[in-house]
Amino acid sequence: MRQDPNALQRVLVIVALAMVATSSAWAQPFVSGSDESDGALNLTIAQHGASFDFDPASFAPPLDTDGDNIYHFTTISVEAGMTVRFSSDILGSLPVQWLATGNVQIDGTLDFTGDAGHDWNDLRVPTVAGAGGFNGGVSSTATTGWSPGLGPGASDFPGGGAAHASGGAGWGSTYGNAFLLPLIGGSGGSGANDGNDAAGGGAGGGALLIAGSGNITVDGAIDTDGGCPGNSRFGQSDETGGGGSSGAIRLIANSIDGTGNLFARQVNCPEGRDPRRGRIRLESYATNFTGSDPTASLGLPGNVFPPATAPTIRITAVDGVPVPANPTGIFPPADVSINDPVAVTIDIEAAYIPLFTTVAVRLLREDGSFQTVTSTPLNGVLETSTATASVVFPPGFTSILLEANWTP
C-alpha cells in the first residue's frame, strides 16, 4: 500500500501587521535588500519564447537555490509581447518575491492567475493556483464526494466561493490587510456536490512582491485574478462550483510609473460564485501609476518583509520523511511519499505563536473526502515550538493544510 500525502506550505497564520515607513524624503532612498546573487533578470522572446513558464531550475545557473521564492537580482526586465506564467505546481504556495538593486521594467505580462475549475465531465483533480495562491476543490462523482478549496478564505460548503479582500454570503471569510504584511495569495473555490453533473472550484490567484532600489515601471501587466468555477452539466445552482479569490501584488521602489495594468479583480464568471477581489499595494516616494484594479493602497516605502517575530507555522515531516521547505501542494507528484497503512505522525513547527495553541490540520484526499484533526498543543519556547498530529492516510494523494488561531 502506498500513500502520498502532499503537504502545503508553511504559513496559514493570518496576522494584521501595520508597518508604517518613517522615511519622508529622497535623502533616504529606499533600499530593497537584494544581495545581487541571482544577477540580472532579462526575459526576452528570443531567449524564452512568447509564452514562458518561470522555473528557477531552468536558468543557467539556477536561480533561488535555497528554494524560499526570494530572488536577489541587480535589474529586472520583461520584454513586451511575452507572457511569463508563475504556477504553484512549479513554485509552490510561498509568494514570489523579486528584489533588485537597480530598475525594474515590466513590458510583458506576469501571469499569476488561478486556473478555472474543471467542467462536469472533466478531471476530478484540484485546480492549480498561481504561485503563492491556493488550489481549488474537486467536484463530486457518482461514487465520490466533493472537496473544499484550500487557503484561509476557502468555503466549507459545496460550491462555496473563496474570499480575500471581499467576501459575502456564500463565500469564505475575508483575510489579510492593506499593507500586505504578510503577503498571501488567493484561496481556492469549493467543488460542487451533485453526482456526475457537478463542476470543480477555481484556483486562487498568486502573490508577488517586487522591491527595487531604483524605479519600477509597469507598461505591461501583472495579473493575479482568481479562476472561475468549471461549467456544470445543466447550470443548476447545486451543480456549480465556487470561484477562487484573486491574489496580491505589492510593489516598493523610489518611484512607480507606467501605463500598464495590475489586476487582482472581482471577476464576472458565466456561472457559480465569482472570484472575489484581492489586494494591491504600491509604496514609493513618487507614484504615477493608476492602472490598478482594484484601486491600490498607497504609502511610503516600508519594511520589505514582516519582522523576525512574525508568527509562522509549517510541517517539517510526515512519518519521519522531511517535507521540502517550499512544497508545491500539487499532485502528482507528491512532495512526500510514505508507505505505512497505520496512523503516522505529522511533525509541526511554529514560531511566535502562543504556547499551548493547537493547530487545525485539514486533510483533502484524492477522492474528494476531507477531514480535520487537531494537533497536540504547541510546546517549547515562543521562538520555536513543536506539535504533532496523528493521521491514517488512505492509498493515493492527500493535501495537508495547517491553520492556527488564537486570541492576542
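The values are calculated or read from the model by the stated rules, or taken from the named source; none is laboratory data. Note that this is a predicted model, so its numbers are computed, not measured. Heads up, the Cβs are rebuilt from the backbone with ideal geometry, glycines too, and the neighbour counts pull from every protein chain shown.
Brief remarks follow.
- Any hit, the range 146-167, residues being among the hydrophobic types (A, V, I, L, M, F, W, C), under 20 Å from residue 247 (Cα atoms), over 13 Å from the mean Cα position of the chain (by Cα) and not in a loop (DSSP other than H, G, I, E, B): no
- Among the residues of the range 226-245, those that are within 17 Å of residue 195 (Cβ to Cβ) and not basic (Lys, Arg) comprise 229, 230, 231, 232, 234, 235, 236, 237, 238, 239, 240, 241.
- Only one of the numbered conditions (1) out of contact with any strand residue (DSSP E or B) (no Cβ under 8 Å at 6 or more places or on another chain); (2) closer than 17 Å to residue 277 by Cα is not met by residue 249, and that is (1).
- For the range 93-128, a residue qualifies if it is among the aliphatic types (A, V, I, L, M), assigned to a loop (DSSP other than H, G, I, E, B) and in contact with a Phe, Trp or Tyr (Cβ under 9 Å, 6 or more places away or on another chain), and exactly one does: 125.
- Residues satisfying the stated conditions in the range 219-261, i.e. farther than 24 Å from residue 299 by Cβ and not in a loop (DSSP other than H, G, I, E, B): 237, 238, 239, 242
- Selection within the range 370-395 - among the small types (Gly, Ala, Ser) and either touching a Phe, Trp or Tyr at 6+ places or on another chain (Cβ under 9 Å) or closer than 12 Å to residue 313 by Cα (or both): 385, 387
- Qualifying residue in the range 304-327 (condition: touching a Leu at 6+ places or on another chain (Cβ under 6 Å), under 29 Å from residue 353 (Cα atoms) and not in a strand (DSSP E or B)): yes
- Filtered by the rule that a residue be touching an Asp or Glu at 6+ places or on another chain (Cβ under 9 Å) and either touching a residue at least 40 places away in the same chain (Cβ under 8 Å) or in a strand (DSSP E or B) (or both), the range 28-50 gives 30, 42, 43.
- Flag if residue 394 is modelled with pLDDT under 95, surrounded by fewer than 20 Cβ atoms within 10 Å (Cβ to Cβ) and touching a Leu at 6+ places or on another chain (Cβ under 6 Å): no
- Pairs with Cβ under 7 Å, 6+ apart, first in the range 307-329 and free of Cβ contacts under 8 Å to residues at least 24 places away in the same chain and in the same structural domain as residue 389 (by TED's automatic domain parsing), second in a strand (DSSP E or B) and of a type in the set (Ser, Thr, Tyr): 322/316
- Residue within the range 273-296 that is in contact (Cβ under 8 Å) with a residue 24 or more places away in the chain, in contact with an Asp or Glu (Cβ under 7 Å, 6 or more places away or on another chain) and closer than 30 Å to residue 200 by Cα present: yes
- Failed item in (1) closer than 14 Å to residue 130 by Cβ; (2) part of a strand (DSSP E or B); (3) basic (Lys, Arg), with residue 265 passing the rest: (2)
This table checks each residue for (1) in contact with a strand residue (DSSP E or B) (Cβ under 6 Å, 6 or more places away or on another chain); (2) more than 30 Å from residue 407 (Cβ to Cβ); (3) assigned to a strand (DSSP E or B); (4) modelled with pLDDT of 85 or more.
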site: 342; (1), (2), (3), (4): no, yes, no, yes
site: 356; (1), (2), (3), (4): no, no, no, yes
site: 362; (1), (2), (3), (4): yes, no, yes, yes
site: 371; (1), (2), (3), (4): yes, no, yes, yes
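- From the list 162, 169, 199, the one residue that fits, being in the same structural domain as residue 115 (by TED's automatic domain parsing) and either surrounded by fewer than 24 Cβ atoms within 10 Å (Cβ to Cβ) or without any contact (Cβ under 8 Å) to a residue 60 or more places away in the chain (or both), is 169.
- Odd one out for residue 89, checked against (1) without any contact (Cβ under 8 Å) to a residue 60 or more places away in the chain; (2) charged (D, E, K, R); (3) more than 17 Å from residue 263 (Cα to Cα): (1)
- Scanning the range 173-183 for residues that are touching a Pro at 6+ places or on another chain (Cβ under 7 Å) and either surrounded by 24 or more Cβ atoms within 10 Å (Cβ to Cβ) or among the β-branched types (Val, Ile, Thr) (or both) yields one hit, 183.
- Residue within the range 60-80 that is farther than 18 Å from residue 209 by Cα, within 22 Å of the chain's Cα centre (by Cα), at pLDDT 50 or above and of a type in the set (Val, Ile, Thr) present: yes
- Verdict on residue 103 being modelled with pLDDT of 95 or more, surrounded by fewer than 21 Cβ atoms within 10 Å (Cβ to Cβ) and assigned by TED's automatic domain parsing to the domain that holds residue 221: yes
- Flag if residue 283 is under 11 Å from residue 256 (Cβ atoms) and either surrounded by fewer than 21 Cβ atoms within 10 Å (Cβ to Cβ) or acidic (Asp, Glu) (or both): yes
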